[in-house]
Amino acid sequence: MRIVSGIQPTGNLHLGNYLGAIKNWVKLQEESECLFFLADLHAITVHNDPAELSANCRNMVAALVAAGVDTQKSILFNQARVPAHAELAWLLICNTPMGWLDRMTQFKEKSGKHKQRSSLGLLAYPVLQAADVLIYHATHVPVGEDQRQHLELARDIAAKFNNDTGTEVFTQPEAYYGETAARIMSLRDGTAKMSKSDPSDLSRINMTDDNDTIAKKIQKARTDAEPLPATVAELEGRAEATNLVGIYATLEDRSVQSVLDQYAGQGFGSFKPELAELAVAHLSPIRDRYEALRQDTGAIDEILRDGAERARLLAQPAVESAYAALGLLRD
């Protein structure tokens, strides 16, 4: 099983990133061949300050390594250091119908009322996503609900390219759903995903937050007046309660039902302090490692250079095969 997954370097990681993706990356590297990348080429589909983007890339590497990504077991790199991603994306763009991209719901959401002002990259970035995984013959891609449509597009692009060229250049990757993958929601609104872009810092737990801040944010998290129920079914319609119980369960690698078995009948006045204690115990070592790692930019750049060199070797055969399938002459 070869896993390929990426993350945009758009500022500090928060708890949603960690529990929704990174925690599973750490597990996957123990059982699969894994390539993890910083999606810096995706980041430039909207305006970025160049110095800030560079800093965010290095900080993201520090955060990923602090969270447990082992660069001896996995390949960790940034897209910009592997030009084959952009090369293959162009070859695939030329083979992808516009109608397929028009159906992508995330483009509609991100462009909003200003579709005509959006960059071509914002429209076409799902094709770059397809290149990101097809270039390595990924067998599986970890996805959440919001990326399922893009993976289906990648499969369609691979099938169309193979069919149009009469080749078998690309493998169609399968979705991978981790056992403990979680959709972590805002602490202020249980119906909205936890996000860096939320104007309220109380809505998220940043991986850089100190222990007191983590505890205070959990204490102030929105809840309801009812005690915790005995079954998962009884959480229906209680978005904030579902979110907090889900965070507890994911931190401890337990089922939601087992958490309810422990806390059924108790109110949030007793549950929140225990959740805060668990979160601090889990996150504080990661934060401390991150703060130490991010100071050593030389070591971070070496990690990225080494990862890119390994990734380039794996990427080149697929790119060369794609060029050949299209009849493009290469020395």
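The values are calculated or read from the model by the stated rules, or taken from the named source; none is laboratory data. The structure presented is a predicted model; accordingly, all values stated were derived computationally and were not measured. Here the Cβ is made from the backbone with ideal geometry for all residues, glycine too, and neighbour counts use every protein chain on show.
Miscellaneous remarks
- If you go through region 129-188 and keep only what is crowded, with 20+ Cβ neighbours inside 10 Å, small (Gly, Ala, Ser) and within 24 Å of Glu87 (Cα to Cα), you end up with Ala130, Ala131, Ala138, Ala154, Ala158.
- Restricting the first member to region 3-27 and to residues that are closer than 18 Å to Leu128 by Cα, and the second to residues that are of a type in the set (Ser, Thr, Tyr) and crowded, with 23+ Cβ neighbours inside 10 Å, the beta-carbon pairs closer than 6 Å and six or more apart or on different chains are Val4/Tyr136.
- Any hit, region 103-114, residues being in contact with a Pro (Cβ under 7 Å, 6 or more places away or on another chain), modelled with pLDDT of 95 or more and not β-branched (Val, Ile, Thr): no
- Pairing residues of region 225-238 that are over 13 Å from Gln266 (Cβ atoms) with residues that are surrounded by 11 or more Cβ atoms within 10 Å (Cβ to Cβ) and among the acidic types (Asp, Glu), at Cβ distances under 8 Å and at least 6 apart in sequence or on separate chains, gives Arg238/Asp224; Arg238/Glu226.
- Flag for Thr96 being assigned to a loop (DSSP other than H, G, I, E, B) and either without any contact (Cβ under 8 Å) to a residue 40 or more places away in the chain or more than 21 Å from Ala308 (Cα to Cα) (or both): yes
- Odd one out for Leu38 among (1) of a type in the set (A, V, I, L, M); (2) surrounded by fewer than 22 Cβ atoms within 10 Å (Cβ to Cβ); (3) touching a residue at least 40 places away in the same chain (Cβ under 8 Å): (2)
- Among the candidates Ala292, Ala264, residue that is in contact with a Pro (Cβ under 9 Å, 6 or more places away or on another chain) and of a type in the set (A, V, I, L, M, F, W, C): Ala264
- Residues of region 209-224 that turn out to be surrounded by fewer than 18 Cβ atoms within 10 Å (Cβ to Cβ) and in contact with a helix residue (DSSP H, G or I) (Cβ under 7 Å, 6 or more places away or on another chain), as a count: 5
- When Arg183 is tested against (1) at pLDDT 95 or above; (2) of a type outside the set (Ser, Thr, Tyr); (3) more than 20 Å from Lys216 (Cα to Cα), just one condition goes unmet, and that condition is (1).
- One residue alone among Lys216, Lys196, Lys272, Lys220 is outside the structural domain of Gly20 (by TED's automatic domain parsing) and under 20 Å from the mean Cα position of the chain (by Cα), and that residue is Lys196.
- When region 236-286 is limited to residues that are within 16 Å of Met185 (Cβ to Cβ), charged (D, E, K, R) and out of contact with any strand residue (DSSP E or B) (no Cβ under 9 Å at 6 or more places or on another chain), the one that is surrounded by the fewest Cβ atoms within 10 Å (Cβ to Cβ) turns out to be Glu236.
- Note on region 253-304: residues that are basic (Lys, Arg) and assigned to a helix (DSSP H, G or I) amount to 3.
- For Tyr125, the stated conditions do not hold, so it cannot be described as aromatic (Phe, Trp, Tyr) and either outside any helix (DSSP H, G or I) or loosely packed, with under 14 Cβ neighbours inside 10 Å (or both).
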